[in-house]
1. Among 92, 82, 21, whose mean-square fluctuation peaks in a Gaussian network model of the chain (Cα, cutoff 10 Å)?
2. Note the angle between two axes, namely the Cα long axis of helix 16-29 and the longest principal axis of the Cα atoms of the chain, as a number of degrees from 0 to 90, rounded to the nearest 10.
3. Given the DSSP H assignment, sum -39500 (n - 2.57) over each helix run of at least 4 residues in the chain and divide by its residue total; what's the result at 222 nm in deg cm²/dmol, nearest 500?
4. Take the chain, connect every pair of alpha-carbon atoms lying under 10 Å apart with a spring to form a Gaussian network, then pick out the residue of 86, 42, 98 with the largest mean-square fluctuation.
5. May I ask for the angle, rounded to the nearest 10°, between helix 35-57 and the longest principal axis of the chain, with both axes built from Cα atoms and the value confined to 0 to 90°?
6. Would you grab the residues whose amide H sits under 5 Å from the one on residue 62? Only those 5+ places off in sequence or on another chain, please, with H modelled 1.01 Å from N.
7. Semi-axes of the equivalent ellipsoid for the chain, please: Cα gyration tensor eigenvalues, times 5, square-rooted, ordered largest first, whole Å.
Amino acid sequence: MQDHLTTNQQTPLPNATTVLVLGILSILGCCFYGIPGLIMGIIAMVLASKDTKLNSANPEAYTAGSLSNLKAGKICAIIGIVFSAIYLVFFVVLIALIGMEVIMSGDADAIREAIESLQ
């Protein structure tokens, strides 16, 4: 058996698909108070950074399709991180202004009164 690098056969980047999946999930994860989106987005960015270094060291060894997946996943992760951070900040400010007890009570009238008292 010959080594895959000596036969000029290109292989996909090891984490390209994982980065793409985590990037997409980070966008979806922003809907769950922002925390899962932040976690998945950061993991995707770390994996993307590792694969980018691998590709920079030997660009001929990796397929163009996996590089495209890596770039798309990185973009999705950035979007997911930004949306998650915005949502998390919004939720923390909401808790600070209204209070967790009012939010967790589920009483729409109490929530409405708390918001109106802020105006």
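1. 92
2. Once rounded, one gets 10 degrees.
3. -25500 deg cm²/dmol
4. Sorting by GNM fluctuation, first place goes to 98.
5. Between helix and principal axis, roughly 20 degrees.
6. Residues meeting the criterion, in which the H sits 1.01 Å from N, are 11.
7. 46, 10, 9
Where a number appears in this text, it was derived from the coordinates with a stated rule and is not lab data. Since the structure is predicted, the reported quantities are computational estimates derived from the model, not experimental observations.
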